[in-house]
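Trainee: Got a structure for you, written out below as structure tokens; questions coming shortly.
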Amino acid sequence: MKTFTFERPESAAAAAKAVAGTPGAKFIAGGTNLLDLMKLEVEQPMHLVDVNRLPFAAVEETGDGGLRIGALVRNSDLAADPRVRKGYGVLSRALLAGASGQLRNKATTAGNLLQRTRCYYFYDTTKPCNKRDPGSGCSALGGFNRIHAIVGGSQACIATHPSDMAVAMRALDARVETMLPDGRAETIPLADLHRLPGTTPQVETVLKPGQMITAVTLPPPPKGVQIYRKVRDRASYAFALVSVAAVVDVEGGRIRSARMAFGGLAPKPWRVAAAEEVLIGAAPGKAAFAEAGEEVLSGARGHGDNDFKIPLARRTLGAVLSTATHTA
Ligand SMILES: Cc1cc2nc3c(=O)[nH]c(=O)nc-3n(C[C@H](O)[C@H](O)[C@H](O)COP(=O)(O)OP(=O)(O)OC[C@H]3O[C@@H](n4cnc5c(N)ncnc54)[C@H](O)[C@@H]3O)c2cc1C
Ligand code: SF4
């Protein structure tokens, strides 16, 4: 690990200013991703700005009946919060499907959203990787790509976003509250926070230098059955090969609303409006679920080792929708 300097600011504005104004500076929260990357010298920040003492560790109700989740709320605390368990079961389940108990006790809401990909070549500094070393090439394209993206990738990068929590938040229409180095607040829909790789896979979010996440807000609890299903290589901690977060409301034998977000498929939490539209007003059943799956996976492309994700995603979605609509 390279040497670095460290500071612990007393306000969000000071933290944002410190990161924006110090070359090679980064925020550190739980450290469960950043420290691993520093030990491997994938990330080499020269200065760490520790945000752990800032007052962002609370979950509060908002005026419209939703929730505001502080950036520093630990994943375990968020999963166990009674308001989350009651109104946003999909989020609680997604959190509990992620990492291990010890990691969830340290991992924070903001850090989880901004954790970096688990592409093995990204972690291996002896291999070309456009995300780690722009312009060097992508070892996963033409290499071993079992865990990689089937939608949303580019000729430069096919890495997936690893967060389970973010997938559930995407289905819930979460919004990300931030503070800029000049002290201004800016809110970003979670849908827009993560960027697709295009030709610049090293630029992963729309955040500007020093822009700090302070909270995530959720609208009031949605109506309907909430499900998070994660398919992975082993039952203990493992990242998703495919995951589905769904909130489905059925009334009078017809689907009134359906929200579905996917993990393991794309470089960001993936949601396809057309797939939700085909379900609205449809009678729950195999035909409607298959049509939704076709929409989600239209344009999907495997890269060899990850071809299996296309039928797996289709089947996982079908199973989730069957359970959610009690047609299983
Ligand atoms: C063995 C293992 C298994 C795992 N399995 C899973 C899994 O199955 N599913 C899953 O979702 N995750 C999994 N994880 C990842 C884990 O969830 C993340 O490491 C964790 O959520 C990161 O949160 P953190 O607070 O520790 O972030 P940190 O490591 O502190 O930071 C991560 C990034 O966020 C930035 N950052 C932190 N706070 C802020 C802020 N307020 N504003 C702006 N930037 C900020 C940092 O600069 C850094 O770039 C696993 C991790 C490990 C080690
Ligand atoms: S998929 Fe992305 S992260 Fe992985 S080697 Fe290619 S460029 Fe790097």
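Trainee: Condition first: touching a Ser or Thr at 6+ places or on another chain (Cβ under 9 Å) and either open to solvent by 70 Å² or more (accessible area, probe 1.4 Å) or among the polar types (S, T, N, Q) (or both). Now tell me which residues in region 56-85 satisfy that. First the steps, then the outcome.
Mentor: Here is the first cut: in region 56-85, the residues touching a Ser or Thr at 6+ places or on another chain (Cβ under 9 Å) are 56-57, 62, 66-75, 78-81, 84-85.
Matches in region 56-85: Ala57, Thr62, Arg68, Asn75, Arg85.
A quick yes/no check of all residues on (1) assigned to a loop (DSSP other than H, G, I, E, B); (2) charged (D, E, K, R); (3) open to solvent by 60 Å² or more (accessible area, probe 1.4 Å); (4) over 29 Å from Leu193 (Cβ atoms):
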site	(1), (2), (3), (4)
Ala261	no, no, no, no
Val278	no, no, no, no
Gly281	yes, no, no, yes
Ser322	no, no, no, yes
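Trainee: Next up: Checking the structure you have, find out if any residue of region 118-128 is in contact with a helix residue (DSSP H, G or I) (Cβ under 6 Å, 6 or more places away or on another chain) and within 30 Å of Ala15 (Cβ to Cβ).
Mentor: Filtering region 118-128 down to residues in contact with a helix residue (DSSP H, G or I) (Cβ under 6 Å, 6 or more places away or on another chain) leaves 127.
Next, from what is left, pick out any that are within 30 Å of Ala15 (Cβ to Cβ): none.
No, every residue in region 118-128 fails to be in contact with a helix residue (DSSP H, G or I) (Cβ under 6 Å, 6 or more places away or on another chain) and within 30 Å of Ala15 (Cβ to Cβ).
Trainee: Please determine, by comparing only the residues of region 98-118 that are more than 7 Å from ligand 1 (Cβ to nearest atom) and among the hydroxyl-bearing types (Ser, Thr, Tyr), which one is surrounded by the fewest Cβ atoms within 10 Å (Cβ to Cβ).
Mentor: Thr117
Trainee: Taking into account only those residues within region 29-47 that are touching a helix residue (DSSP H, G or I) at 6+ places or on another chain (Cβ under 9 Å) and either free of Cβ contacts under 8 Å to residues at least 12 places away in the same chain or of a type in the set (A, V, I, L, M) (or both), which is surrounded by the most Cβ atoms within 10 Å (Cβ to Cβ)?
Mentor: Start the filter on region 29-47 by keeping residues that are touching a helix residue (DSSP H, G or I) at 6+ places or on another chain (Cβ under 9 Å), which leaves 29-34, 36-37, 40, 42-45, 47.
From what is left, the residues that are either free of Cβ contacts under 8 Å to residues at least 12 places away in the same chain or of a type in the set (A, V, I, L, M) (or both) are 29, 34, 36-37, 40, 42.
Details: Ala29: 24, Leu34: 21, Asp36: 14, Leu37: 19, Leu40: 14, Val42: 18.
Result: Ala29.
Trainee: Would you pick out the residues in region 142-170 that are hydrophobic (A, V, I, L, M, F, W, C), open to solvent by less than 20 Å² (accessible area, probe 1.4 Å) and within 12 Å of ligand 2 (Cβ to nearest atom)? Spell out how you get there, then give the answer.
Mentor: Taking region 142-170 first, the residues hydrophobic (A, V, I, L, M, F, W, C) are 144, 147, 149-151, 156-159, 165-169.
Filter once more, keeping what is open to solvent by less than 20 Å² (accessible area, probe 1.4 Å): 149-151, 156-159, 165-169.
Result: Ala149, Ala156, Cys157, Ile158, Ala159.
Trainee: Of all the residues that make up region 226-253, how many are open to solvent by 50 Å² or more (accessible area, probe 1.4 Å), more than 14 Å from ligand 1 (Cβ to nearest atom) and assigned to a strand (DSSP E or B)? Outline the logic, then answer.
Mentor: Let us first name the residues in region 226-253 that are open to solvent by 50 Å² or more (accessible area, probe 1.4 Å), namely 229, 232-237, 239, 250-252.
Checking which are more than 14 Å from ligand 1 (Cβ to nearest atom) leaves us with 250-252.
When the remaining residues are screened for being assigned to a strand (DSSP E or B), the result is 250-251.
Total meeting the criteria: 2.
Trainee: Based on what the data block shows, is Pro221 modelled with pLDDT of 95 or more, closer than 20 Å to Ala300 by Cα and touching a Phe, Trp or Tyr at 6+ places or on another chain (Cβ under 8 Å)? Break it down stepwise before answering.
Mentor: Working: modelled with pLDDT of 95 or more: yes; closer than 20 Å to Ala300 by Cα: no; touching a Phe, Trp or Tyr at 6+ places or on another chain (Cβ under 8 Å): yes.
The answer is no for Pro221.
Residue by residue, here is whether (1) closer than 18 Å to Ala159 by Cα; (2) not β-branched (Val, Ile, Thr) holds:
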| site | (1), (2) |
| --- | --- |
| Pro267 | yes, yes |
| Ala273 | no, yes |
| Ala287 | no, yes |
| Val296 | no, no |
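Trainee: Next question. Return the total of residues in region 145-172 being out of contact with any Leu (no Cβ under 9 Å at 6 or more places or on another chain) and acidic (Asp, Glu).
Mentor: 0
Trainee: In region 106-121, which residues are part of a helix (DSSP H, G or I) and within 15 Å of ligand 2 (Cβ to nearest atom)? Break it down stepwise before answering.
Mentor: We begin by selecting, within region 106-121, every residue part of a helix (DSSP H, G or I); these are 106, 109-114, 120-121.
Within region 106-121, Tyr120, Tyr121 meet the criteria.
Trainee: Count, please, the residues in region 192-209 that happen to be open to solvent by 10 Å² or more (accessible area, probe 1.4 Å) and either away from ligand 2 (no atom under 16 Å from the Cβ) or touching a Phe, Trp or Tyr at 6+ places or on another chain (Cβ under 7 Å) (or both).
Mentor: Counting residues in region 192-209 that are open to solvent by 10 Å² or more (accessible area, probe 1.4 Å) and either away from ligand 2 (no atom under 16 Å from the Cβ) or touching a Phe, Trp or Tyr at 6+ places or on another chain (Cβ under 7 Å) (or both) gives 5.
Trainee: Can you confirm whether Gly30 is closer than 21 Å to Ala166 by Cα, near ligand 1 (Cβ under 9 Å from one of its atoms) and not β-branched (Val, Ile, Thr)? I'd like the intermediate steps shown before the answer.
Mentor: Working: closer than 21 Å to Ala166 by Cα: yes; near ligand 1 (Cβ under 9 Å from one of its atoms): yes; not β-branched (Val, Ile, Thr): yes.
Here the answer is yes, as Gly30 does meet what is asked.
The values are calculated or read from the model by the stated rules, or taken from the named source; none is laboratory data. As the structure is a computational prediction, the values presented were derived from the model and not from experiment. As a convention, Cβ positions derive from the backbone with ideal geometry for all residues, glycine included, and neighbour counts pool all protein chains shown. Note: accessible area is taken over every heavy atom of the protein model, side chains too, but ligands, DNA and RNA are not part of it. Shrake-Rupley method; radii C 1.70, N 1.55, O 1.52, S 1.80 Å.
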